[in-house]
Amino acid sequence: MREMEENLLCQWNVVRSILAILQWWGFNVTVIIMNKWIFQKLDFKFPLSVSCIHFICSAIGAYLVIKVLKLKPLIVVNPEDRWKRIFPMSFVFCVNIVLGNVSLRFIPVSFMQTIKSFTPATTVILQWLIWRKYFDWRIWASLVPIVGGILLTSITELSFNMFGFCAALFGCLATSTKTILAESLLHGYKFDSINTVFYMAPFATMILAVPALLIEGPGVLEWFHSQQSLMSPLIIIFGSGVMAFCLNFSIFYVIHSTTAVTFNVAGNLKVAVAVTCSWLIFRNPISALNAIGCGITLAGCTFYGFVRHMLSQQPPGTPRTPRTPRNLKELIPLVNEKLDDKV
């Protein structure tokens, strides 16, 4: 009887993991496709405004989850730390989201998602340059196919746009910077995805609201007057904001339902799903070499995740990576690396 209960529990854990991954894929791909649809089909070419709407929806959603529904406990942060620690993080968080939406404005989803896979490389390089962290040679080796795949994809991209490419590339740097800053600025606070959004989304809205009004305000008003019906476009635009918040909530669920290796593999498969769905909807041309470059990049990302996992499983006393020189103060990571997939 007990053995049967254990088998049922094991089967339920597998089913729960699969459901968690599928809903994470669903929200992630939906957000990406909706944003691309907003820029391309609705002709709402205002990435700052779209990002601002996302932050407003995320702030409201996080407040409802924590304060009203009480699905997650609030991590209390004193007011001084909110400005000294969280505000700088919010600025980088804001830049990261905006650059992602700007890149979608100018380049296909497939190309943007491939470049986004460059984030592990930028994280390792920045940590090596800024903190002088040492990495096992296998970590550096895993970056070779990532970089090589990105180069092949960029050279063979038929819809290449330099501005969109630079926005996506700097978005990777912003994501890496956010991870690195989290280790120093948020020392002592162990945030999950919902608490991260709860504190950072209001700051990001405040940071972005004025530039969005000044730079894109007149264009948004002109777009409003050019629309025969506003109901459907506004539902899609604000719906993308709701989906962006749901994506953050789904990340929290999938992290607690899967292992690190499963999460890494599922994340790379998610990129392939997003690329396939975007091609089916928008029919952007993809050459054979471009597809091969994307595949090489995803394989490199999977290898990178596998190496990180293997090194983390080394017995106590074995040198682990990343590690800092002994003369530098060791900083405790505070934001789980798996939370970097926010859109």
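Cβ-Cβ contacts under 8 Å between residues 6 or more apart (or on different chains), taken from a first residue in the stretch 205-234 that is without any contact (Cβ under 8 Å) to a residue 12 or more places away in the chain to a second residue that is surrounded by 13 or more Cβ atoms within 10 Å (Cβ to Cβ) and in a helix (DSSP H, G or I), are listed as Gln227/Pro233.
Scanning the stretch 64-76 for residues that are under 24 Å from the mean Cα position of the chain (by Cα) and over 9 Å from Asn195 (Cβ atoms), we see that the one that is surrounded by the most Cβ atoms within 10 Å (Cβ to Cβ) is Val65. A single entry from Arg132, Arg105, Arg138 fulfils the requirement of being basic (Lys, Arg) and exposed (fewer than 15 other Cβ atoms within 10 Å of the Cβ): Arg132. One residue is enough: does the stretch 165-176 have a residue meeting the conditions in contact with a Phe, Trp or Tyr (Cβ under 9 Å, 6 or more places away or on another chain), of a type in the set (Gly, Ala, Ser) and under 28 Å from Val77 (Cα atoms)? Yes - at least one qualifying residue is present in the stretch 165-176.
Selection of the stretch 77-93 for residues being in contact (Cβ under 8 Å) with a residue 60 or more places away in the chain and either among the polar types (S, T, N, Q) or surrounded by 24 or more Cβ atoms within 10 Å (Cβ to Cβ) (or both) yields Ser90, Phe93.
Checking the structure you have, find out if any residue of the stretch 109-118 is of a type outside the set (A, V, I, L, M), outside any helix (DSSP H, G or I), buried (at least 18 other Cβ atoms within 10 Å of the Cβ) and modelled with pLDDT of 85 or more. Let's see the steps before the verdict.
Residues of the stretch 109-118 that are of a type outside the set (A, V, I, L, M), as a first pass: 110-111, 113-114, 116-118.
In the following step, the residues that additionally are outside any helix (DSSP H, G or I) were identified as 117-118.
From what's left, buried (at least 18 other Cβ atoms within 10 Å of the Cβ): 117-118.
Pick out the ones that are also modelled with pLDDT of 85 or more and you get 117-118.
Yes.
Among the residues making up the stretch 222-266, those that are modelled with pLDDT of 85 or more and hydroxyl-bearing (Ser, Thr, Tyr) are Ser226, Ser229, Ser232, Ser240.
For the stretch 281-298, a tally of residues being surrounded by fewer than 21 Cβ atoms within 10 Å (Cβ to Cβ) and under 15 Å from Ala266 (Cβ atoms) returns 0. Of all residues in the stretch 114-158, those being more than 22 Å from Thr276 (Cβ to Cβ), under 20 Å from the mean Cα position of the chain (by Cα) and hydroxyl-bearing (Ser, Thr, Tyr) number 2. Among the residues here, Ser159 does not qualify as in a helix (DSSP H, G or I) and touching a residue at least 40 places away in the same chain (Cβ under 8 Å).
The values are calculated or read from the model by the stated rules, or taken from the named source; none is laboratory data. Predicted model only: the values in this text are computed from it and were never measured. Backbone-built Cβ (ideal geometry, glycine too); neighbour counts: all protein chains shown.
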